[in-house]
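A.B. asks: Here's a structure for you.
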There are 2 protein chains.
Amino acid sequence: MPAITEVTIRRARREDVSIIVAMLADDPLGGGRERIEDPLPQCYFTAFATIDRDPNIQLVVAEDGEGAVVGCLQLCILPGLSSQGASRGLIEDVRVASHCRSRGIGEQMVQWAIAEARAKECKLVELLTHHSRVDAQRFYERLGFARSHVGMTLRF
Amino acid sequence: MPAITEVTIRRARREDVSIIVAMLADDPLGGGRERIEDPLPQCYFTAFATIDRDPNIQLVVAEDGEGAVVGCLQLCILPGLSSQGASRGLIEDVRVASHCRSRGIGEQMVQWAIAEARAKECKLVELLTHHSRVDAQRFYERLGFARSHVGMTLRF
């Protein structure tokens, strides 16, 4: 069993975009959807600027002791009327660099997101995980999530 | 088979909050989470103000020919880095007034949300629906959604 890698969770910066996209692409499901080119296509930087100025969205990275980015996660705080006007936290795009898995990095990121959602007075944190990601589902169950919903998608 | 009720989809206004909350409460799952009091608790109006000033969130209602509010839906447009920096549409809090069901109102609202997400250049629309809402899942499948994901929740 590899040791736990303690990470620092910090807000993503423009210079992290390449490594975040590389982690998104290094994935059996997401890989085919990305364009890994040098330089990276402008669409990623445009999207980053939109995320970065949105006060409800936090795109964060996990940084190891040497300052290397080894994970990413996006948390959206969504207001709503239901549950007495409670906000919800939506977790998306969770990735850990393939050479750093099973070291507790994903758990530290998700625990950060849960704490942040609580601090923002959310009553619920939710996420969608593809049916095929059985390990991810076990991971989230271990952190207290319930497989309560069906996640439905329509891709254009 | 009841006739289709043609509805107008429009942005929700502060004076719609009571009827929206009544629809959210008139539900086997959501009912116990709301507080239907007269006057309605301030928390709902505070949440409405937050939603209303968020440029990424549209809370809409369906209005019938007589101007009665018979449905509601919330659409969030969420930027992200994945899929080449594509935004996603998240549909939440879909309700049709219980005396107006099976008249195509939900379909008109969801089709509005799909069209709006396309217009905002989303590549994906996603939603979570509780496991027990089997009719809702069939409804979304009929509109082209796939049961592709597990929806996981952590309630505080």
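A.B. asks: Out of the total accessible area of chain A (probe 1.4 Å, heavy atoms of protein only), what percent is carbon and sulfur?
C.D. replies: Working: 3620 of 7230 Å².
Roughly 50 percent, rounded to a whole number.
A.B. asks: Another question about this same structure. Let me know the mean shielding of A:126-132 by other chains, meaning the per-residue number of their Cβ atoms within 10 Å of its Cβ.
C.D. replies: That average works out to 6.
A.B. asks: Using the alpha-carbon centroid of each, what span in Å lies between segment B:46-60 and segment B:106-146?
C.D. replies: 20
A.B. asks: Which net charge results when you count Lys and Arg as +1 and Asp and Glu as -1 among the other residues whose beta-carbon is under 15 Å from that of B:Arg13?
C.D. replies: That sum, taken over residues with Cβ under 15 Å, equals 0.
A.B. asks: So, R0 is 22 Å and r is the distance between the beta-carbons of A:Ile19 and A:Arg138; what FRET efficiency does that work out to, to 0.05?
C.D. replies: 0.25
A.B. asks: Rounded if a/c is under 1.5, else prolate if a/b is larger than b/c, else oblate: which is segment B:43-122, with a ≥ b ≥ c the root eigenvalues of its Cα gyration tensor?
C.D. replies: Cα axes put segment B:43-122 in the oblate bin.
A.B. asks: Take peptide B:112-119, look around each residue's Cβ out to 10 angstrom, count Cβ atoms belonging to other protein chains, and average those counts.
C.D. replies: Working: counts 0, 1, 2, 0, 0, 2, 1, 0.
What the average comes to for B:112-119 is 1.
A.B. asks: In percent, what relative contact order does chain A have, based on Cα pairs under 8 Å that are 6 or more apart in sequence?
C.D. replies: Once divided by the residue count of chain A, the mean separation gives 21 percent.
A.B. asks: Interface B/A, total buried accessible area with a 1.4 Å probe, nearest 100 Å²? Intermediate results must be reported in sequence, preceding the final value.
C.D. replies: Numbers: alone 10110 and 10120 Å², together 14450 Å².
Summed over both sides, the interface buries about 5800 Å².
A.B. asks: In addition: Just check chain B against the gyration tensor rule for me: Cα atoms, a ≥ b ≥ c as the square roots of the eigenvalues, rounded for a/c under 1.5, and otherwise prolate or oblate depending on whether a/b exceeds b/c.
C.D. replies: Values: a/c = 1.37, a/b = 1.21, b/c = 1.14.
Here chain B falls in the rounded category.
A.B. asks: Using the heavy atoms of the protein chains and a 1.4 angstrom probe, tell me the accessible area per residue for chain A in square angstrom.
C.D. replies: Counting only protein heavy atoms, the per-residue value for chain A is 46 Å².
A.B. asks: Here is a further query. Given only helices, namely DSSP H runs of n ≥ 4 each adding -39500 (n - 2.57), what is the per-residue ellipticity at 222 nm of the protein assembly as shown, to the nearest 500 deg cm²/dmol? Display every interim value, and only then the final one.
C.D. replies: Values: 10 runs with 96 residues, N = 312.
The helix contribution divided over the protein assembly as shown gives -9000 deg cm²/dmol.
A.B. asks: Something else now. Under a 10 Å cutoff between Cα atoms, tell me which one of A:Leu81, A:Leu24, A:Leu59 has the largest fluctuation in the Gaussian network model of chain A.
C.D. replies: Evaluated over chain A, the most mobile residue of the options is A:Leu81.
The values are calculated or read from the model by the stated rules, or taken from the named source; none is laboratory data. From a predicted model like this one, the values you see are computed outputs, not experimental measurements. Reconstructed Cβ throughout: ideal geometry from the backbone, glycine too, with neighbour counts over all protein chains shown. The area values use the complete protein model at the heavy-atom level, side chains included, leaving out ligands, DNA and RNA. Shrake-Rupley method; radii C 1.70, N 1.55, O 1.52, S 1.80 Å.
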